[in-house]
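Encoded as structure tokens, the structure appears first; notes follow it.
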Amino acid sequence: MKYISTRAGMQPLSFSDILLEGLAPDGGLAVPEHYPQVKADTLEAWRDLSYAELAAQILGLFVDDLDKDTLRQLTAQAYQSSVFDSPDIVPLKPLQQDFALLGLSQGPTLAFKDMAMQFLGQIFEYVLDQRQTTLNIVGATSGDTGSAAEYALRGKRGVSVFMLSPYGRMSAFQRAQMYSLQDENIHNLSVKGVFDDCQDIVKALSGDLAFKSAKHLGAVNSINWARIAAQVVYYFWGWLRASNGPGQKVSFAVPSGNFGNILSGHIARQMGLPIHRLVLATNENNVLEEFFRTGIYRPRPATHTYATSSPSMDISRASNFERFVFDLLGRDGQQVRHLWQQLAEQGSFDLSAYLPEFEARYGFVAGVSTHADRLETIRRVQAEYGVLIDPHTADGVKVAEQYREPGIPMLVLETALPAKFSETIEEATGAPAPIPAHLAQLADLPQKVVVMDADLLQVRAYIEQHAPV
Ligand SMILES: *Cc1c(COP(=O)(O)O)cnc(C)c1O
């Protein structure tokens, strides 16, 4: 399996080569040359595998340059019950007949980002070891991604993490989660500014090519292909748990922001997994819902991106969307390049000619959930099913309910646990969310964080001083 760019300007590369890279040299995103196909009998043979074993099978279809035993070891280390708070790793949590949550948030940071990051941590360490090199991950976070990356990379050989977060803008829980890590290779930089300031500094640092190569800077952002590939696994896992035989259709509903999670569902479907519908749920930032309704893609500027009570979906420029458009256009990289050029010049593009294919050919449908919907859904799901869900998962449940069909199981991806977003839970139910027992002491742990101005030179100097290479 080799990887090409969505904009047709990259020589085919192997998995390990694209693992440590961000954008392709032509500005596009790496995608596999073709999607591996999984036949119905293979799928049936996978029913009894553990999550880690299933991950080794599926990732083995995408990784061309690691042997099977190595991959098995890496997935066994990534997906073990000492790391995930469930013997199944990803439990199915039934709400009703043919309606369940797919529990993706049992990892160390209580959000689905752990699913991919835990694998990334293992494979980074292995590949850096093999290549006798090191990597300094520099990132910006408003919460979930940064903490998932830190928990996955803490203590790993050859990798250091410099994570910028906006000073005073994260919840107490999120701060405690990140800043209580005492590992030497984890550096929390709390920047006196907003998330966009952090992001700008990271962009400026990786745009400084001399500094980037001297300091071996890398990223773990949501366009990373290994993250997308690792996420494909839980669609197969969910199907295997919810279906009762070959060919049985299952639908998935996905709270979406950067289009990373649901893109993995699209890939699973392209691989032959019998997925009926892929239900895309947005919050008030509904650029993607608008696209699937009208065929017009019109990202909004940061100033028109609302701060909502499902903050991890407050995104208007979905960085993984280009990978889906590549497939939609028959994998024509020239045409993708042309469209993104038009996007830069005119701020939008129009694919309404493809509107009939969105659902008929790709299974995509979409819907919006608002703050009021979120609160109502959290309350109702607790009252009707006795299950407390987080605000993002609530957006998924709300939109999923519009698309349920008799006889077709609907799985809603649980993208975070309520403990992470307790304020909204309290607003909905009148009581704060329970904190999992193993995290009860988190708030009392000492914190390691450096506060600095939103100043490129200060951040750069800190990395210069603390990067091991
Ligand atoms: C990141 C995140 C999302 C959005 O996922 P995308 O892959 O960006 O579409 C949804 N919910 C939670 C809790 C998240 O952390």
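The values are calculated or read from the model by the stated rules, or taken from the named source; none is laboratory data. Quick caveat: nothing in here was measured; it's all calculated off a predicted structure. Reconstructed Cβ throughout: ideal geometry from the backbone, glycine too, with neighbour counts over all protein chains shown. Note: areas computed on protein heavy atoms with side chains; ligands, DNA, RNA excluded. Shrake-Rupley method; radii C 1.70, N 1.55, O 1.52, S 1.80 Å.
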Could you identify the single residue in 241, 269 that is within 18 Å of residue 94 (Cβ to Cβ), in a helix (DSSP H, G or I) and either away from the ligand (no atom under 15 Å from the Cβ) or over 19 Å from the mean Cα position of the chain (by Cα) (or both)?
241
Are any residues in the stretch 368-399 crowded, with 24+ Cβ neighbours inside 10 Å and either touching a His at 6+ places or on another chain (Cβ under 9 Å) or not polar (S, T, N, Q) (or both), and if so, which ones?
374, 378, 389, 390, 391, 392, 394, 395, 396, 397, 398, 399
Helices (runs of 4 or more DSSP H) wholly inside the stretch 123-208 that include at least 3 residues being acidic (Asp, Glu) and without any contact (Cβ under 8 Å) to a residue 12 or more places away in the chain
none
When you check residue 98 against the structure, is it open to solvent by 10 Å² or more (accessible area, probe 1.4 Å) and not assigned by TED's automatic domain parsing to the domain that holds residue 260, yes or no?
no
Is it the case that the stretch 86-95 has a residue that's surrounded by fewer than 15 Cβ atoms within 10 Å (Cβ to Cβ), within 30 Å of residue 418 (Cβ to Cβ), within 22 Å of the chain's Cα centre (by Cα) and small (Gly, Ala, Ser)?
yes
In this structure, does residue 73 turn out to be open to solvent by 10 Å² or more (accessible area, probe 1.4 Å), away from the ligand (no atom under 16 Å from the Cβ) and either in contact with a strand residue (DSSP E or B) (Cβ under 7 Å, 6 or more places away or on another chain) or assigned to a helix (DSSP H, G or I) (or both)?
yes
Meets criteria (away from the ligand (no atom under 14 Å from the Cβ) and within 30 Å of residue 274 (Cβ to Cβ)) for residue 353
yes
Considering every residue within the stretch 86-97, establish whether at least one is more than 21 Å from residue 72 (Cα to Cα) and within 13 Å of the ligand (Cβ to nearest atom).
no
With respect to residue 116, is the statement that it is within 16 Å of the ligand (Cβ to nearest atom), open to solvent by less than 60 Å² (accessible area, probe 1.4 Å) and not basic (Lys, Arg) true?
yes
Qualifying residue in the stretch 418-431 (condition: of a type in the set (Lys, Arg), within 15 Å of the ligand (Cβ to nearest atom) and at pLDDT below 95)
yes
Since residue 148 meets every condition but one in (1) away from the ligand (no atom under 14 Å from the Cβ); (2) within 18 Å of residue 442 (Cα to Cα), which condition does it not meet?
(1)
